[in-house]
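First comes the structure, then the notes that go with it.
The values are calculated or read from the model by the stated rules, or taken from the named source; none is laboratory data. All values derive from a computational prediction rather than experimental measurement. Cβ placement follows ideal geometry from the backbone for every residue including glycine, while neighbour counts extend to all protein chains displayed. Accessible surface is based on the protein model in full, side chains and every heavy atom, while ligands, DNA and RNA are left aside. Shrake-Rupley method; radii C 1.70, N 1.55, O 1.52, S 1.80 Å.
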Amino acid sequence: MRISFLECTRCGEHLSADRPQNICPKDGGVLFARYDLASLKGKLRPDDLRGRVASMWRYAEALPDATPVTLGEGFTPMLPSREFANVYIKDEGLNPTGSFKARGMSAAVTMARHYGLKKLAAPSAGNAGGALAAYAAAAGLEAYIFMPKDVPIANRMECDYYGAHVTLVDGLISDCGRMVAERINKEGWPKDKDGWFDVSTLKEPFRVEGKKTMGYEVAEQLGWKLPDAIIYPTGGGVGMIGMWKAFDEMEELGWIGGERPGWASSSPKRPKMITVQAAGCAPIVKAWEAGKTASEMWADASTFAAGLRVPKAYGDYLILDILKKSGGTAVSATDEEILSATRHWASVEGVFAAPEGAASLVAYQKLRASGFLRAEDTVVLFNTGSAYKYLDMIEAQEKKTRLVAPAARNIGGIIGPY
Ligand SMILES: [Zn+2]
């Protein structure tokens with residue numbers, strides 16, 4: 001749909017979507033694309049989605065009106081857990097490039113091509129870089145990616161093969177982000193029309209547009225009922241921010257609210273939004289526990305869940321606001337717990353999850369134990385990526401914790417070729 005305007009999430013300033021924009025020029029706030037969805041209320045119904053393409057572009061009315069750069073992203077499986085009743089695993093590992101980053105980059109690169117931009121730059125903890133490189137290749141654009149030198153080998157290799165310009169940095173994603181910003185300030189867009197355009201997390205409005213489709217899918221795949229809670233591994237937090245935006249939009253469209261017993265149509269029940277972070281880098285958890293509205297830069301960030309190694313999220317104020325408004329919470333998981341959950345999920349569910357995704361299981365178990373979540377609560381756990389992109393990291397973590405593989409075949413013949 002045609003974008004009405006871009007709106008600053010801090011001051012409410014309106015900006016035109018007719019030209020590329022990064023952040024609010026007044027206060028650096030994140031920009032949201034706004035559409036006239038109210039005009040579709042009653043005209044566009046969930047049933048109208050039947051038979052549409054099984055990708056995130058099926059929600060075309062809620063996405064920018066531009067020719068998509070698509071590799072088939074989105075509409076990933078919603079798998080009922082084999083272990084817990086009322087629990088679902090939303091498996092984002094089946095996206096192109098093996099992670100949920102595909103959604104955001106499909107939308108961002110679509111709009112970059114639409115605007116005639118040529119060179120896209122971003123820092124990445126790993127998977128965003130791979131996704132940017134793939135979509136830039138598909139669009140015929142150049143990608144400039146800065147990533148920590150110790151990212152999973154899959155991320156380095158995919159960027160190379162997709163033809164991106166990669167700079168490996170002796171530091172964290174925050175250091176990478178600083179290097180991109182310096183270069184863009186010197187010779188980037190808009191000073192130089194052929195210069196780099198910054199597609200860093202939340203520094204342009206469209207990655208969140210792609211990621212928000214996870215919110216539409218959660219609703220559609222659960223029969224247009226929202227779950228009681230969503231557990232979301234939070235690095236930059238774009239998916240959480242996007243899903244909350246999607247719930248607002250679905251309410252505007254009249255797709256949610258009122259139809260579920262106990263829901264007042266004026267204030268539909270929203271899922272409790274739950275952040276999970278790695279104990280070695282948990283700035284949102286720390287801020288949440290201290291009752292703050294913004295986080296502080298986490299010192300010495302360290303975890304093998306590479307995507308959670310984000311010392312300070314640019315949209316931290318939005319994430320913390322959503323946790324509060326939704327009645328959610330924030331929990332952390334140690335690397336040992338994450339590794340053990342990765343193995344557990346693989347062996348019990350048949351889902352070989354990225355460490356970030358397996359952290360969702362740790363959070364679920366902790367919140368069930370604490371009573372925050374009940375057995376009857378419908379809960380969606382996000383697996384944000386595929387473990388196949390982390391084999392080196394997982395093996396290294398195995399060695400580090402000296403976690404011995406369970407000798408399943410030796411346990412009294414429970415498993416065997418009989
Ligand atoms: Zn602003």
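Return yes when Gly223 is crowded, with 24+ Cβ neighbours inside 10 Å, at positive phi and not polar (S, T, N, Q) and no when it is not.
Judged against the criteria, Gly223 is not a match.
Looking only at strands (runs of 3 or more DSSP E) that fall completely inside segment 10-99, which ones have 1 or more residues that are of a type in the set (Asp, Glu)?
Qualifying strands (runs of 3 or more DSSP E): 87-91.
State the number of residues belonging to segment 207-249 that are more than 23 Å from Ser124 (Cβ to Cβ) and among the basic types (Lys, Arg).
Of the residues in that region, 1 qualify.
Arg103 is checked against (1) within 16 Å of the ligand (Cβ to nearest atom); (2) of a type in the set (D, E, K, R); (3) open to solvent by less than 20 Å² (accessible area, probe 1.4 Å) and fails just one. What number does that condition carry?
(1)
What number of residues within segment 318-344 are without any contact (Cβ under 8 Å) to a residue 40 or more places away in the chain and open to solvent by less than 40 Å² (accessible area, probe 1.4 Å)?
Residues in segment 318-344 being without any contact (Cβ under 8 Å) to a residue 40 or more places away in the chain and open to solvent by less than 40 Å² (accessible area, probe 1.4 Å): 2 in total.
Would you point out which residue out of Ile322, Ile394 is within 18 Å of the chain's Cα centre (by Cα) and at pLDDT 95 or above?
Working: Ile394 fails: within 18 Å of the chain's Cα centre (by Cα).
Ile322 is the lone residue from the list that is within 18 Å of the chain's Cα centre (by Cα) and at pLDDT 95 or above.
From the residues in segment 29-56 that are without any contact (Cβ under 8 Å) to a residue 24 or more places away in the chain and buried (at least 20 other Cβ atoms within 10 Å of the Cβ), which one is farthest from the ligand (Cβ to nearest atom)?
Ser55
Which residues, taken from segment 111-152, are surrounded by 24 or more Cβ atoms within 10 Å (Cβ to Cβ), in contact (Cβ under 8 Å) with a residue 60 or more places away in the chain and either part of a strand (DSSP E or B) or hydroxyl-bearing (Ser, Thr, Tyr) (or both)?
Result: Leu120, Ala121, Ala122, Pro123, Tyr135.
Quick one: how many residues across segment 5-28 are near the ligand (Cβ under 9 Å from one of its atoms) and among the hydroxyl-bearing types (Ser, Thr, Tyr)?
Qualifying residue count for the region: 1.
Condition first: farther than 14 Å from Phe32 by Cβ and among the charged types (D, E, K, R). Now tell me which residues in segment 215-254 satisfy that.
Glu217, Glu220, Lys225, Asp228, Glu251, listed by residue number.
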